[in-house]
Amino acid sequence: LIEVDRCLICEGPLRNERLGTVAPFLAQRIWQRKPFSVRLAECSDCGFIFFNPRLEAFEEVRLYSGYRGVEYQRMRHSFEPWYTEAFNASLSSKEAWLHRKQSLTSLFRDQLNFGFRTFGDILDFGGDNGDLIADLVPATRRFVYEISGVETVAGVEPLRSLEKCREHSFDLIVSSNVLEHVGSPHEVARQIASLSGSETLVFNEVPYEFATGVQSTLKRIAQMALLAGTRPAVAGSMLGPGMFNVMHEHVNYYSPRSFNRLMERSGFKVVASGIYTLKGGLLGERFVWNLAKRA
Ligand SMILES: [Zn+2]
């Protein structure tokens, strides 16, 4: 873990530090220990909100190796009764992908003029099995950069290292739901920049969510109530002033402003950005996105 004292995105001063706690599942999976206190920091300049201290690369590997696999699901379920096999499977179900693809297809139609062009090589950066870009835009070849070793879907070739990625020049790079997970967003944005040429379009999106607020507090209260009934020891391990600011997979909460700032400070020029609501999503999930080119 690395403690920071300035904004991770823009180096602005921090304000409103709130107490939080590491989710019991995370504490066990990464450090084999009980939950401990962390802080939720907010940048007074760009509005970026993040958990502090930060995960280091080797800690991310411990968390995400075998991600959503059998052992992962079993261990997580032992701390989180709602994380059943069926729920785990639903996260990568056909329906879930359908909604995301529909939303992105109409966004891309508006933003990328793809009625008038076909892309050459395109890359999904951190795109798991490549399902998202399998038929997203007209393209000659489709690749996914993914180090987990997961098998890719038909028509998408896996690239297992940045070196392998550098053997290609991409017309489009997509990072979808990656940058909210990472300890060092600039490091990841710089990796994407290193794979981009002057004409490469880079599309990024993350969930638009609030670390604190009524909705997230209600969700935590419901989870604590369920835990108290089914996993009393786990519930007990979380009790304390930070119990409603739980650090789990998402360690970064971007505003449109801080998300654009991230790209601008990593060598990009943002050419378009916005917020969209997931089509067909029952909970009205929203996403922040931007489209960028090398500056
Ligand atoms: Zn900032």
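The values are calculated or read from the model by the stated rules, or taken from the named source; none is laboratory data. Predicted model, so just to flag it, every value in this text is computed and none were measured. Reconstructed Cβ throughout: ideal geometry from the backbone, glycine too, with neighbour counts over all protein chains shown.
Being among the small types (Gly, Ala, Ser), farther than 15 Å from GLY47 by Cα and either modelled with pLDDT of 95 or more or within 16 Å of the ligand (Cβ to nearest atom) (or both) is the filter here; which residues of region 232-268 pass it?
Once the filter is applied, which keeps residues that are among the small types (Gly, Ala, Ser), farther than 15 Å from GLY47 by Cα and either modelled with pLDDT of 95 or more or within 16 Å of the ligand (Cβ to nearest atom) (or both), region 232-268 yields ALA233, ALA235, GLY236, SER237, SER266, GLY267.
Scanning region 129-188 for residues that are of a type in the set (Asp, Glu) and either within 26 Å of HIS99 (Cα to Cα) or in contact with a Cys (Cβ under 9 Å, 6 or more places away or on another chain) (or both) yields ASP131, ASP135, GLU146, GLU151, GLU157, ASP171, GLU180. Just one of the numbered conditions (1) of a type in the set (Asp, Glu); (2) crowded, with 16+ Cβ neighbours inside 10 Å; (3) within 30 Å of PRO232 (Cα to Cα) is not true of GLU85: (2). Of everything in region 33-50 that is small (Gly, Ala, Ser) and either touching a residue at least 40 places away in the same chain (Cβ under 8 Å) or touching an Asp or Glu at 6+ places or on another chain (Cβ under 6 Å) (or both), the residue that is farthest from the ligand (Cβ to nearest atom) is SER37. Put simply, of GLU59, GLU17 the only residue that is charged (D, E, K, R) and in contact (Cβ under 8 Å) with a residue 60 or more places away in the chain is GLU59.
Selection of region 42-60 for residues being assigned to a helix (DSSP H, G or I) and either closer than 21 Å to SER92 by Cβ or among the charged types (D, E, K, R) (or both) yields GLU59, GLU60. Scanning region 6-26 for residues that are within 10 Å of the ligand (Cβ to nearest atom) and either outside any strand (DSSP E or B) or surrounded by fewer than 18 Cβ atoms within 10 Å (Cβ to Cβ) (or both) turns up ARG6, CYS7, LEU8, ILE9, CYS10, GLU11, GLY12, PRO13. Within region 256-288, being surrounded by fewer than 18 Cβ atoms within 10 Å (Cβ to Cβ) and in a loop (DSSP other than H, G, I, E, B) holds for ARG265, GLY267, LYS279, GLY280, GLY281, LEU282, LEU283, GLY284, GLU285.
Hey, does region 86-98 have a residue that's over 21 Å from the mean Cα position of the chain (by Cα), at pLDDT 95 or above and under 29 Å from PHE244 (Cβ atoms)?
First, pick out the residues of region 86-98 that are over 21 Å from the mean Cα position of the chain (by Cα): 86.
When the remaining residues are screened for being at pLDDT 95 or above, the result is 86.
After this cut, where a residue has to be under 29 Å from PHE244 (Cβ atoms) as well, the list is 86.
For region 86-98, residues over 21 Å from the mean Cα position of the chain (by Cα), at pLDDT 95 or above and under 29 Å from PHE244 (Cβ atoms): present.
Looking only at residues in region 67-82 that are in a loop (DSSP other than H, G, I, E, B) and touching a residue at least 40 places away in the same chain (Cβ under 8 Å), the one that is farthest from ARG18 (Cα to Cα) is TYR67. Restricting attention to region 272-295 and to residues that are of a type in the set (A, V, I, L, M, F, W, C) and in contact (Cβ under 8 Å) with a residue 40 or more places away in the chain, the residue that is nearest to HIS99 (Cα to Cα) turns out to be LEU278. For LEU63, are the conditions met, namely being surrounded by 14 or more Cβ atoms within 10 Å (Cβ to Cβ) and among the aliphatic types (A, V, I, L, M)? Yes, satisfied.
With respect to (1) closer than 22 Å to SER175 by Cβ; (2) hydroxyl-bearing (Ser, Thr, Tyr); (3) surrounded by 13 or more Cβ atoms within 10 Å (Cβ to Cβ), the lone exception for SER78 is condition (1).
Looking for something at pLDDT 90 or above, among the aromatic types (Phe, Trp, Tyr) and touching a Pro at 6+ places or on another chain (Cβ under 8 Å) - is there at least one such residue anywhere in region 113-126? Checked against the condition, which is being at pLDDT 90 or above, among the aromatic types (Phe, Trp, Tyr) and touching a Pro at 6+ places or on another chain (Cβ under 8 Å), region 113-126 yields at least one hit.
The lone criterion from (1) within 19 Å of ALA41 (Cα to Cα); (2) assigned to a helix (DSSP H, G or I); (3) of a type outside the set (A, V, I, L, M, F, W, C) left unmet by GLY229 is number (1). Comparison of ARG39, ARG29 shows that the only residue that is assigned to a helix (DSSP H, G or I) and not small (Gly, Ala, Ser) is ARG29.
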